[in-house]
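Participant: Structure incoming, see below.
The values are calculated or read from the model by the stated rules, or taken from the named source; none is laboratory data. Just so it is clear, the model here is predicted, and its values are computed rather than measured. Cβ placement follows ideal geometry from the backbone for every residue including glycine, while neighbour counts extend to all protein chains displayed. SASA here: full protein model, heavy atoms, side chains in, ligands and nucleic acids out. Shrake-Rupley method; radii C 1.70, N 1.55, O 1.52, S 1.80 Å.
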Amino acid sequence: MPVSAPITQDVRTIPRRLPEAGRPNLVGLTRDQMRAALVAAGTPERQANMRTGQIWQWIYQKGVRDFAAMTNLAKPFRAMLAESFAIALPEVVRREVSADGTRKYLVRIAGGHEVETVYIPEEGRGTLCISSQVGCTLTCSFCHTGTQKLVRNLTAAEIVGQIMLARDDLGEWPAPGRNPKDETRLLSNIVLMGMGEPLYNFEAVRDAMKIAMDPEGISLSRRRITLSTSGVVPEIARTADEIGCHLAVSFHATTDAVRDRLVPINRKWNIATLLDALRAYPKASNSERITFEYVMLKGVNDSDEDARRLVKLIAGIPAKINLIPFNEWPGAPYERSSNTRIRAFADIVYNAGYASPIRTPRGEDIMAACGQLKSETERERKSRAQIAREAGI
Ligand code: SAH
Ligand code: SF4
């Protein structure tokens, strides 16, 4: 299906802010790192824990960017903070709003690189899709980001900064006295499903998600965070241990021959190895099922036989199957399966006892749907030879 003509309601190019002075940024620091930074700047050891908690609340719960406004801290301490540190976010350089309300932010990070962040409003909730890398080392053949070279990993500050800039845009910093745990938040869920492979940037993703989950940080429940991986097997157990969020896996095929082509990391860790790691995922249970993402590609992976093979493969794993109609991008070598085909596939999976929701494409008119993200400034493409090398062909 062709991507519909742009019906963007609101495109704003945001004027550039002045570059930050070279003071260390407090955003994205773990508690230990912030405590150490405060002590190094002269805060007495015995106060550092409490000060860290207070500063976190100002930054992550109230959205304050000016040390002078941190009124429960003594004035000389505020002055010391202002002299020594910055509270800096990546810069939103363009904001687009889709006809369906989806918002896409083009975010500029240090070095002039750009990533995209997408906010998807839904009935009673809102999901922010966050990027973890500029580009991707992997080369999934149906993914737009996969055609872009990896430029660099995002820092924890740049990852948590995406949550903060979305809350700025949504105007969602709680008024004084409002419970920040309020489940009616506009930004109530996070998915690590933007650009990049989060498990190839493990430490920064973990540190940012710890801030997102911390009661003195953004304070979202770990159950409201989903990390999607293409199948970096050695990091899957670590995800449960060190982050504890919900896991989604880009499965997409039921034979190694097809998965090798679609998700080339399969050549390193094949279907059987991946399924073993998922069977061992300690967080998986009936209340916390693993999401299997399955992109529907016409004539490639969408037959009844595929659906039957899929349910056999995943037997015994608490799972739900999220069927994603393929989202086209310029030059994409695949087509989306028909709605009838997707429904027939979904029925087989459902009748085998698995929830099989079909993901509604959101923000297609602004190229914000799954797999369409790619920063226009990063023109450097992977060569065919490099793609083949990385895919192990
Ligand atoms: N790198 C991670 C997370 C980012 S991709 C991963 O691969 O899991 C988020 C989801 O969108 C993945 O399931 C990915 O396979 C899927 N996706 C990629 N390109 C797509 C496209 N063109 N249409 C639909 N889904 C796509
Ligand atoms: Fe990278 Fe995920 Fe795209 Fe594959 S699907 S190229 S892992 S972003």
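Participant: Report, by residue number, each residue of segment 297-327 that is in a loop (DSSP other than H, G, I, E, B), within 24 Å of the chain's Cα centre (by Cα) and surrounded by fewer than 21 Cβ atoms within 10 Å (Cβ to Cβ).
Facilitator: Selection gives 317, 318.
Participant: Just to be sure before I move on: is residue 105 under 31 Å from the mean Cα position of the chain (by Cα), in contact (Cβ under 8 Å) with a residue 40 or more places away in the chain and either open to solvent by 40 Å² or more (accessible area, probe 1.4 Å) or in the same structural domain as residue 121 (by TED's automatic domain parsing) (or both) in the structure I sent?
Facilitator: Here the answer is yes, as residue 105 does meet what is asked.
Participant: Ok, one more. When both residues are 6+ apart or on different chains and their Cβ atoms are under 7 Å apart, which pairs have a first residue that lies in segment 217-243 and is not assigned by TED's automatic domain parsing to the domain that holds residue 60, and a second that is at pLDDT 95 or above and among the acidic types (Asp, Glu)?
Facilitator: Once the first residue is not assigned by TED's automatic domain parsing to the domain that holds residue 60 and sits in segment 217-243, its partners that are at pLDDT 95 or above and among the acidic types (Asp, Glu) give 228/293; 229/197; 230/197; 232/197.
Participant: Let me ask something else about it. Could you identify the single residue in 155, 145, 184 that is crowded, with 19+ Cβ neighbours inside 10 Å and modelled with pLDDT under 90?
Facilitator: It is 145.
Participant: Cβ-Cβ below 8 Å, separation at least six or inter-chain, first residue in segment 339-357 and in a helix (DSSP H, G or I), second open to solvent by 60 Å² or more (accessible area, probe 1.4 Å): which pairs?
Facilitator: Qualifying pairs under 8 Å: 341/298; 342/358; 343/358; 346/358; 348/308.
Participant: Do any residues in segment 46-57 that are in contact (Cβ under 8 Å) with a residue 24 or more places away in the chain have Cβ atoms under 6 Å from those of residues that are in a helix (DSSP H, G or I), where the two are at least six apart or on different chains, and which pairs are they?
Facilitator: Within 6 Å, the pairs are 51/38.
Participant: For segment 344-367, what are the residues that are more than 30 Å from residue 116 (Cβ to Cβ) and of a type outside the set (Gly, Ala, Ser)?
Facilitator: Listed by number, the residues that qualify are 347, 348, 349, 350, 351, 354.
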